[in-house]
Amino acid sequence: MKVKIDGENCCGHARCWVTAPEFYKLDETGYAEFRGKTVDVPPEMEAAAKRGANTCPDRCITIIE
Ligand code: SF4
């Protein structure tokens, strides 16, 4: 599984980080660390990745199965 974060629409709400801090981190500017990237999700982090994606108010996290 992979996660893609839309680099244009991530507004730095940090909900992903609040909801699933074990997977989502913020960069020094307060935006999602993976903004504008597609990253592999380790199997043990899949539930956290989905949980965080569901809380993004701008729907900018895409789960790729
Ligand atoms: S919740 Fe969405 S908009 Fe907010 S930092 Fe995370 S990916 Fe970006």
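The values are calculated or read from the model by the stated rules, or taken from the named source; none is laboratory data. On a predicted model such as this, the values are computed, not experimentally measured, just so you know. Methodologically, a virtual Cβ is constructed for each residue, glycine included, from the backbone with ideal geometry; neighbour enumeration extends over all protein chains shown.
Count of the range 13-29 residues, restricted to those that are within 8 Å of the ligand (Cβ to nearest atom), in a loop (DSSP other than H, G, I, E, B) and either surrounded by 18 or more Cβ atoms within 10 Å (Cβ to Cβ) or at pLDDT below 90 (or both), is 2.
Restricting to the range 42-57, give me the number of residues that are assigned to a loop (DSSP other than H, G, I, E, B) and surrounded by 13 or more Cβ atoms within 10 Å (Cβ to Cβ). Walk me through it before giving the result.
Let us first name the residues in the range 42-57 that are assigned to a loop (DSSP other than H, G, I, E, B), namely 42, 56-57.
Retained after the next criterion (residues that are surrounded by 13 or more Cβ atoms within 10 Å (Cβ to Cβ)): 56.
Looking only at that region, the number is 1.
Being assigned to a loop (DSSP other than H, G, I, E, B) and more than 10 Å from the ligand (Cβ to nearest atom) is true of GLU8. Suppose the filter is touching a Lys or Arg at 6+ places or on another chain (Cβ under 9 Å), in contact (Cβ under 8 Å) with a residue 12 or more places away in the chain and not in a loop (DSSP other than H, G, I, E, B); does VAL39 pass it? The answer is yes for VAL39.
Hey, can you tell me all the residues within the range 30-39 that are more than 7 Å from the ligand (Cβ to nearest atom) and within 13 Å of ILE61 (Cα to Cα)? Break it down stepwise before answering.
Applying the first criterion (more than 7 Å from the ligand (Cβ to nearest atom)) to the range 30-39 yields 30, 33-34, 36-39.
Within the range 30-39, GLU33, PHE34, GLY36, LYS37, THR38, VAL39 meet the criteria.
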